Amino acid sequence: MTAPADPTRTPHSTPAPAPDPARCALVLGSSFLGVYAHTGFLAGLHEADFSPARIAGSSAGAFAGGLHAAGLRGDPLRTTLLAPVMRHAFLDAGALWRLPGILTTLWSSGLFTGDRLVRHLRNTLGDIDLRDTPLDIAVTNADTARTEIHRSGPLAELIMASCAVPGLFTARNIGPHRYLDGGISAELPYHHLIDDPAIQTIVIHRIRHQKSPAPPANLTIKHVIAATHRNSCREFHAIRSNLARAAGKSIIELTTTTPPPGLLSRRHDAGNFHLGLQSARRFLAGSIHG
């Protein structure tokens, strides 16, 4: 008598092979403090000697990609990321002066400047220009109201610009323009890769935070902003993925789900790094399929 099939398992004759890294681009999506899981994912790729031809990052993805592109690997990468000074560098006492300006809309575009983080990144990574790395960073040009993909410019400044969540951080001045969070309209920045003949496979790594299955009884401004942003990101991704597939690209989408991080709490940082590491290992083992 034949045993019934296990309905929880999807049959595969053989695991899907990992894509050719020489023709692969890795896309690291924006996510509030998702840098820990993204960096863990990069660490997992590195331990398997999988080096994509290009990395594109937005916000937390730009942060993680920047640490990797600067040459940090293994224990130095993990230690640098998890050091308390890295989280504290986002904050500055001037926020107390800027808060009334934000509430009244009379001055300041954000609560924190990010200047301390830029200095810390320069001291840690060195004065690196993006053109010397395989990294693409997405930012929003606040002057032209357009998304831009940068492949050259000061790495530390561009990382902070891509992380500059409106209202939380001031716009970053780089050259003649002011820049904000790349995730505003490019949560997953890969539209510039669609027509790149050198790239065949686009691997997307996104971060999602654990949440209650039921919507909150009382909506707050946080929930409303999050819902509208998720909807915009979903629509943009649907359009871009259809264009990419029409251009003959293969898309592999991976999601790491983590506990929600806190701006001041570091309780989940190391755990989220490990969750990203596990996602990379499963991907390379062929247990995640796009």
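The values are calculated or read from the model by the stated rules, or taken from the named source; none is laboratory data. Predicted model only: the values in this text are computed from it and were never measured. Every residue, glycine among them, receives a Cβ derived from its backbone with ideal geometry; neighbour counts consider all protein chains shown. Ligands, DNA and RNA are stripped out before the accessible areas are found, and what is left, the full protein with its side chains, is counted by its heavy atoms. Shrake-Rupley method; radii C 1.70, N 1.55, O 1.52, S 1.80 Å.
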Taking only the alpha carbons of the range 150-269, the radius of gyration and the largest Cα-Cα distance, Dmax, both in angstrom, are 16.8, 49
Order by accessible surface, 1.4 Å probe, largest leading, for residues 23, 178, 146 comes to 146, 178, 23
If R0 is 30 Å, what FRET efficiency do you get for residue 143 and residue 255 from their C-beta distance, rounded to 0.05?
-> 0.35
What share of all Cα pairs of the range 9-153, in percent, falls into each consecutive 5 Å distance bin?
-> 2, 8, 14, 19, 19, 14, 9, 6, 4, 3, 1, 1, 0
To the nearest 500 deg cm²/dmol, what mean residue ellipticity at 222 nm is calculated for the chain from DSSP H runs of n ≥ 4 alone, each contributing -39,500 (n - 2.57), summed and divided by the residues?
-> -11500 deg cm²/dmol
What length, rounded to one decimal in nm, is gained on full extension from residue 97 through to residue 83, with 0.36 nm per residue of separation minus their alpha-carbon distance?
-> 2.3 nm
Quick one, can you get me the convex hull of the C-alpha atoms of the range 83-215 expressed as volume per residue in Å³?
-> 174 Å³
When DSSP beta bridges are limited to those with both residues in the chain, what percentage is antiparallel, rounded to the nearest 5?
-> 30 percent
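Sorted by average packing, counted as other Cβ atoms within 10 angstrom per residue and highest first, what order do 133-142, 31-40 take? Write out the running numbers ahead of the final one.
Numbers: 133-142: 24.6, 31-40: 27.9.
The packing order, highest mean first, is 31-40, 133-142.
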What spacing in nm lies between the two simple spin-label points modelled at residue 123 and residue 214, each 7 Å away from Cα in the Cβ direction?
-> 4.9 nm
Ranked by how many other beta carbons lie within 10 Å on average, peptides 160-170, 201-211 from highest = 160-170, 201-211
Taking N as the number of residues in the chain, what is its alpha-carbon radius of gyration divided by 2.2 N^0.38 Å?
-> 1.02
In nm, what is the difference between 0.36 nm times the number of residues separating residue 267 and residue 245 and their Cα-Cα distance?
-> 4.0 nm
Which order do the peptides 255-266, 218-229 take when ranked by the mean count of other beta-carbon atoms within 10 Å per residue, highest first?
-> 255-266, 218-229
Zone residues, the range 36-63, relative to residue 196, backbone N less than 16 Å from point 7 Å out along Cα-to-Cβ | 51-59, 61-63
